[in-house]
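Worksheet: one structure, shown below.
Throughout, read-outs are computed from the coordinates displayed, never taken from laboratory work. Quantities reported herein were computed from a predicted structural model and do not represent experimental measurements. Neighbour counts run over all protein chains shown; Cβ positions are idealised from the backbone, glycine included.
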Amino acid sequence: MSLFTAVEMAPRDPILGLNEQFAADSNPNKVNLGVGVYFDDNGKLPLLECVQAAEKAMMEKPSARGYLPIDGIAAYDAAVKSLVFGAESEPVTSGRVATVQGIGGTGGLKIGADFLKRVSPNAKVLISDPSWENHRALFTNAGFTVDTYAYYDAEKRGVNFDGMLASLNAAAAGTIVVLHACCHNPTGYDITAAQWDEVIAVVKAKNLTAFLDMAYQGFGHGIAEDGAVIGKFVAAGLSFFVSTSFSKSFSLYGERVGALSVLCADKEEASRVLSQLKIVIRTNYSNPPIHGGAVVAAVLGNPELRALWEKELGEMRVRIKAMRQKLVDGLKAAGVKQDMSFITTQIGMFSYSGLNKDQMVRLRSEFGVYGTDTGRMCVAALNSKNIDYVCQAIAKVV
Ligand code: PMP
């Protein structure tokens, strides 16, 4: 009898489990469309030039590694604020945004969730149906009851917007609503600017708390375009949360660079909120790591490097869009009769392909093409070498 005799085996993370299966697959043509990672046309994880330039400059002037402040690098937090709200925006100039460095976007969400549990202990959390797997687990672990709002319409191949509004309208005052700011994961379907206005009107009328998850800024229509939704929430006079991830937009997955920003009523309120966010951080991991945040701050704070980042991010965005079109064309050429053009109406890294579980299992076992059982495929992992093979494989299972 050991202390851990009664400890049960936890279920495997579905995505990481797929990765292990992929690694063990001996099929020479195998393609991993399971994970949410951007690969270049050679199938390589990019190391952005802007990142390399920033790191080179840092290496030339090595610095000692003392502890960072609890809320992270000041220049980093300032850069995040400017990126999210606009450098000259009223929330930034008036000082009513509380921003802390986070350990990836996940860390930003977690700090926000733990803080919200102190502020609104009895609130319920609503996530989209479906959503990024970790949203439910993360808010559940923070002590909340998590439910869903309607989102995906499988038949229509798009967003069930009436259903979404109905879910939000039915929510109790104070309900925390987790919204994908852009590039919805897993479906690839975003709501339009006009629909955002309607969502914001309900959030305001019903007194809901919006938590915007911004994990793909720049992967949709552009940095400013994808960020425009934030301005809409500001204009509505709401207080809200934004988590930021630079994992994808800087291809800095393993550095764990993210942030949490909370828009408050005024500067004094923001300083009280910041003080509480710092307690959450202090009691979890004390203070964040230096390297990733320093790189992002250096790039965003230097006009030349920032322009280079925008160019490189733009190239990733354009390549994904081209792959979507190639996928639609390739499926047609491979003999798929059904109209697959919905793939080009989706945005960001993911595509809900409409394939069912049996078809996804066949894709894996017969062709070594890995996506999730829900039919989600990462189009950012397609390239000019694997696209034909993937199209042929899909054509054989549909
Ligand atoms: N939110 C969403 C919607 C995501 O897809 C991801 C990453 N897969 C995250 C948050 C977490 O990002 P990070 O890896 O920076 O923690």
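Brief remarks follow.
- Close Cβ contacts (under 9 Å, 6 or more residues apart or on different chains) running from residues in the stretch 87-98 that are within 15 Å of Ser275 (Cβ to Cβ) to residues that are surrounded by 12 or more Cβ atoms within 10 Å (Cβ to Cβ) and of a type in the set (Phe, Trp, Tyr) comprise Val97/Phe85.
- Restricting attention to the stretch 364-398, the residues being within 26 Å of the chain's Cα centre (by Cα) and without any contact (Cβ under 8 Å) to a residue 60 or more places away in the chain number 1.
- Candidate set: the stretch 79-105, residues that are β-branched (Val, Ile, Thr) and in contact with a strand residue (DSSP E or B) (Cβ under 7 Å, 6 or more places away or on another chain); chosen: the one farthest from the ligand (Cβ to nearest atom): Val97
Residue-wise test of (1) touching a strand residue (DSSP E or B) at 6+ places or on another chain (Cβ under 8 Å); (2) at positive phi; (3) buried (at least 19 other Cβ atoms within 10 Å of the Cβ); (4) in a helix (DSSP H, G or I).
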| residue | (1), (2), (3), (4) |
| --- | --- |
| Ile279 | no, no, no, yes |
| Asn284 | no, no, no, no |
| Gly293 | yes, no, yes, yes |
| Lys311 | no, no, no, yes |
| Arg317 | no, no, yes, yes |
| Ile320 | no, no, yes, yes |
| Lys337 | no, no, no, no |
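- Among residues of the stretch 364-384, those that are within 22 Å of Phe219 (Cβ to Cβ) and part of a loop (DSSP other than H, G, I, E, B), counted: 7
- Some residue of the stretch 205-215 being over 15 Å from the mean Cα position of the chain (by Cα), assigned to a helix (DSSP H, G or I), under 28 Å from Ala322 (Cα atoms) and more than 16 Å from the ligand (Cβ to nearest atom): no
- Residues that are among the small types (Gly, Ala, Ser), touching a helix residue (DSSP H, G or I) at 6+ places or on another chain (Cβ under 7 Å) and either farther than 20 Å from Ser243 by Cβ or surrounded by fewer than 16 Cβ atoms within 10 Å (Cβ to Cβ) (or both), drawn from the stretch 119-161: Gly143, Ala150
- Any hit, the stretch 53-67, residues being within 16 Å of the ligand (Cβ to nearest atom) and out of contact with any helix residue (DSSP H, G or I) (no Cβ under 6 Å at 6 or more places or on another chain): no
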